[in-house]
Each structure stands twice: as C-alpha cells, then as structure tokens.
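Chemist: Following this message is one structure expressed as structure tokens.
Any read-out appearing in this document is the output of simple, stated calculations on the displayed coordinates, not a laboratory observation. Everything quoted here is computed from the prediction, not taken from an experiment. Quick reminder, even Gly has a Cβ in these numbers, built from the backbone with ideal geometry, and neighbours come from all protein chains shown.
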C-alpha cells in the first residue's frame with residue numbers, strides 16, 4: 001500500500017470514528033445543526049488536504065473547527081442567515097401522553113443552553129471538549145492554552161455550569 | 001514518617017482532583033497519592049465525590065442537547081478535498097465563499113449602478129464570460145434545454161453550487177421551486193432585467209419590482225442568493241423547502257427579507 005493509499009485509509013477510518021463526535025461538539029456549542037455539519041465537514045476537508053495525520057489529530061481537528069467557526073461568525077455579521085431561525089426538526093402532532101415529556105425535554109434543553117451561554121467562551125468549549133472525551137493535551141491544543149491549567153479550569157467551569165443550571169431547577 | 005507518608009497527609013488540590021476524575025489511569029503517581037489520602041480524609045473524600053457527581057451531571061445535561069449526527073460519507077468529503085465537488089455533496093467553506101462573493105458583489109453593484117459603459121463594468125461583464133448590456137436577455141448554456149415557451153431568463157446546469165447575485169436595491173420577488181433533474185433556470189416576465197451567467201453564477205441587473213421564477217435541482221444543496229448587497233439565502237434546508245418544494249424570497253435590503261411558503 002502506498003503512502004497516499006495508507007493516508008486515505010487512515011483518514012476514512014478516522015472520519016467514521018470522529019465525525020459524529022466533532023459534529024456533536026459543534027452542535028452543542030452553536031445550537032445550529034447546519035452550521036455544525038458544515039464546519040465539521042470542512043475541518044475534515046482540511047485534514048485530507050493536509051495529506052498527513054498531525055501528531056495530535058483530535059487536538060488539531062478541534063483547533064481547526066474552532067478557527068472555522070470563528071471565521072464563520074466574523075462573516076455572518078454581514079450576512080443574513082435566514083435558516084438560523086428554522087427549527088431543526090418539525091415533528092407534527094405527537095400523541096397527548098408524550099406532550100408533557102416533550103415540553104420537559106424542550107425546557108431542559110433550553111435551560112442547558114442558557115447555562116452554557118453564561119460561561120465564558122473558553123470555559124464552554126473546554127467543558128464540551130472534555131465531555132467529548134478529549135484529553136487535557138487535546139483540549140490544550142484545540143484551544144491554544146497551557147495543558148497544565150486545563151484540569152483546574154475544567155473543575156471551575158463544571159462548578160460554574162452547575163451553579164448556572166441549579167438556578168434553572170435542573 | 002517518611003516523605004511519602006507526609007505527602008499523603010496533604011489535602012488534595014483542585015488540579016489533583018481534576019486529574020483523577022478526568023483522566024483516570026493516566027497519572028499513576030497522583031492517583032496513588034490521592035487514593036491514599038482520601039482513604040483517611042473524610043473531607044477530601046467528600047470533595048472528590050462531589051466533583052465526580054458534578055461531572056456526571058454535566059455529561060447527562062449536555063446529552064439533552066444532542067441530535068443524531070448527519071449521515072455524511074467520507075467519500076463526499078474526500079471528493080471535496082481533492083476538488084471533484086460532486087453535485088449535492090454539500091461541503092462548502094461558507095466563510096470563504098461568502099467573502100469571495102461579497103467582494104464580487106461590492107464591485108459589481110457599484111459598477112452596474114453607476115456607469116454601465118465604464119471599464120470596471122466591462123471588466124465584470126468579461127469576468128462572467130457572456131453577454132453585455134443590450135444583448136438578448138435570454139441565454140442557455142451549451143447542453144442545456146431551454147423550453148420554447150419560456151419567458152426571458154437564463155438556463156444552466158450548475159456544477160455543485162450556485163451564486164445568484166441581484167445587483168439592484170429595489171424590491172422584488174423570487175419564487176423558488178425545487179425540481180428533479182440537473183437543470184436550473186432563472187426567468188422573469190419582466191423584459192427589462194439583464195442576466196450574466198457562468199457555470200456557477202448568475203448576475204442579474206433587475207428592473208424595479210421584478211418578479212422572478214427560479215428553479216433549482218434538488219441535488220443542488222448549496223445555493224447563495226445575494227440581494228441588496230447582503231446574503232439572503234445560503235443553503236437549501238429541508239425546513240425551508242417544506243412539503244411543497246417551493247418558497248418565495250423577497251428582494252430587498254437585508255433585515256426585511258424573509259422567505260415564505
């Protein structure tokens with residue numbers, strides 16, 4: 001197997017393993033499924049175009065995704081994103097016995113999003129990456145920070161998130 | 001009491017607790033000390049339990065946000081990466097495209113609105129490859145069928161994405177219809193509008209209050225419509241298209257633009 005073929009095979013395996021995780025991180029971060037999908041795909045496009053796996057692949061992917069997101073937000077200030085206000089899924093008329101459950105689920109989701117929104121951006125990203133299974137090293141790489149400070153900051157971010165969510169009764 | 005024993009007496013710090021909770025098994029020395037300490041320290045044992053519980057609770061709460069990941073295939077990403085861009089792959093760097101198209105519209109709008117005979121205007125016309133002001137306003141790209149009874153407009157087979165740029169700042173409407181096949185068209189009964197077309201772009205100098213009919217192939221997921229200097233539509237989303245396969249976009253300055261079914 002040539003180097004290019006080998007890279008291609010490794011890339012495809014990595015894509016299958018990591019795309020859902022990167023999408024989930026971006027979706028949790030932005031609340032926008034379309035945007036999360038676009039950014040996650042583009043991050044993998046950049047990895048493929050790189051032609052070689054970085055030493056810390058997940059950290060590299062996280063950093064690229066965060067940069068793409070930042071760039072998208074910059075341009076979106078000038079753009080009218082009509083679809084941002086579109087609901088992700090329009091489900092028509094659930095049965096009555098599930099209605100309360102659906103409302104609770106929506107409330108819970110809203111509360112979580114509000115609580116996340118109260119965290120500083122770096123803490124929010126750190127928390128989300130941690131809960132995608134990123135190591136300290138990968139988090140540090142993805143967010144451009146010192147590895148040694150990740151643990152302490154994570155504990156603080158967890159505490160702050162917990163405090164914010166407690167006010168929401170969850 | 002040796003040094004290790006003395007060390008074990010120290011209460012655990014936040015960083016140590018974090019290592020044990022977040023990366024179990026990776027920091028053996030720290031873990032050993034923490035375990036030795038919490039075995040005899042109720043306060044630190046409780047603290048560690050609280051941190052663990054908080055961590056689990058956060059994981060549970062974050063899961064409430066999740067939706068299933070899209071069924072994106074590695075093939076479509078690889079094709080995009082190597083520049084094949086299969087139709088409907090839906091992988092586009094929106095920031096890069098937006099920046100490029102915005103630059104284009106800034107130049108084009110100034111030229112079109114100001115001096116149609118200026119060198120800048122001619123340059124734009126050349127850049128789009130076909131037509132000049134005053135030429136017939138209907139064109140079809142090679143290999144593209146143009147219905148005989150069709151009103152004036154343009155007919156093309158876009159590669160993988162399509163930018164439609166309305167240069168004017170006047171109100172108007174675009175009725176969008178999603179169709180099967182590979183052909184796109186933009187037509188209007190209004191004969192005063194002028195079009196420039198390339199494989200992935202349509203530039204329109206529209207008459208005031210003109211109404212357009214835009215048909216787009218279902219497989220063309222990435223469509224940018226620019227009106228009044230702003231990006232009005234950036235992709236075809238299932239909730240926008242709806243069951244009818246059609247929707248309408250008002251042409252006006254940004255902020256007053258909303259699609260409707």
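Chemist: Using r as the Cβ-Cβ distance of residue B:175 and residue B:149, and R0 as 22 Å, what FRET efficiency do you calculate, to the nearest 0.05?
Modeler: Computed FRET efficiency for residue B:175 and residue B:149: 0.80.
Chemist: I've got another one for you. Could you work out how far apart the two model spin labels at residue A:73 and residue A:56 are, taking each label as a point 7 Å from the Cα in the direction of the beta carbon, and quote it in nm?
Modeler: Computed distance between label sites residue A:73 and residue A:56 equals 2.1 nm.
Chemist: What is the average number of partner chain Cβ atoms found within 10 Å of a Cβ in A:146-158?
Modeler: That average works out to 4.
Chemist: Across peptide A:47-54, how many C-beta atoms of other chains are within 10 Å of each residue C-beta, on average?
Modeler: 2
Chemist: Let me ask something additional. Give me B:198, A:135, B:149 sorted ascending by neighbouring Cβ count inside 10 Å, so fewest comes first.
Modeler: Lowest to highest Cβ neighbour count: B:149, B:198, A:135.
Chemist: So how many Å³ per residue does the convex hull of the Cα atoms of the range A:1-83 work out to?
Modeler: With only Cα atoms used, the range A:1-83 gives 89 Å³ per residue.
Chemist: Per-residue mean of other chain beta-carbon atoms within 10 angstrom of the beta-carbon, peptide A:19-31?
Modeler: Taking all residues of A:19-31 together, the mean is 3.
Chemist: On the Cα set of the range B:13-78, report Rg and Dmax in Å, please.
Modeler: That works out to 18.0, 57 Å for Rg and Dmax.
Chemist: Once you sort the root eigenvalues of the Cα gyration tensor of the range A:107-170 as a ≥ b ≥ c, which label holds: rounded (a/c under 1.5), prolate (a/b larger than b/c) or oblate (the other case)?
Modeler: prolate
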